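The values are calculated or read from the model by the stated rules, or taken from the named source; none is laboratory data. In this text, all values refer to a predicted model and were calculated from it rather than measured experimentally. A quick note on method: Cβ atoms are made from the backbone with ideal geometry, for glycine too, and the neighbour counts reach across all protein chains shown.
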Amino acid sequence: MRADDYAIRRQHLAELTDDELKERFWQLAGEITDPLVELAATHTSPSIERSVLLRMGFSGQEAGEIVTRCGEKGLLGKGAGHAVLRYARLTGQDVRLAGLALAQGEGWDELQAAFGKGGW
């Protein structure tokens, strides 16, 4: 890159203060990442959700049960790991115990109601 090219391309930023430059940076960073966040929120799959649960320490069979039940209850889009964490918080249980309860079919009505109320 030539020095005069740099001077030309930075003209629209030259008058900004450090705080304004920081604000501009975060604005642009948001514009770049917002579509990725939206995509992640609206596009998942059972295999992705099983993978999340496996990384949370659940066995393949346990993860499969939780994901299947998430799909049946229309909560897969919320994220299977999120469902387990939310149920753990709702019941005051350890994450592992909450996930095992969900895998056995317990707590889904309560979890659906909690997601229906909005919030985390």
Name every residue in the range 16-55 that is in the same structural domain as Gly71 (by TED's automatic domain parsing), of a type in the set (D, E, K, R) and more than 13 Å from the chain's Cα centre (by Cα), in order of residue number. Arg50, Arg55
Any residue at all in the range 52-62 that is modelled with pLDDT under 95 and surrounded by fewer than 16 Cβ atoms within 10 Å (Cβ to Cβ)? no
Ile66 closer than 18 Å to Trp108 by Cβ, among the β-branched types (Val, Ile, Thr) and part of a helix (DSSP H, G or I): yes
Among (1) within 19 Å of Gly107 (Cβ to Cβ); (2) in contact with a Leu (Cβ under 7 Å, 6 or more places away or on another chain); (3) of a type in the set (Lys, Arg), there is one condition Arg89 misses while meeting the rest; what is its number? (2)
Can you pull out the residues in the range 102-114 that are touching a helix residue (DSSP H, G or I) at 6+ places or on another chain (Cβ under 7 Å) and either surrounded by 16 or more Cβ atoms within 10 Å (Cβ to Cβ) or not in a helix (DSSP H, G or I) (or both)? Leu102, Ala103, Gly105, Gly107, Trp108, Leu111, Ala114
Picking from Leu36, Leu85, Leu90, which residue would you name as being surrounded by 15 or more Cβ atoms within 10 Å (Cβ to Cβ) and either touching a helix residue (DSSP H, G or I) at 6+ places or on another chain (Cβ under 6 Å) or not hydroxyl-bearing (Ser, Thr, Tyr) (or both)? Leu85
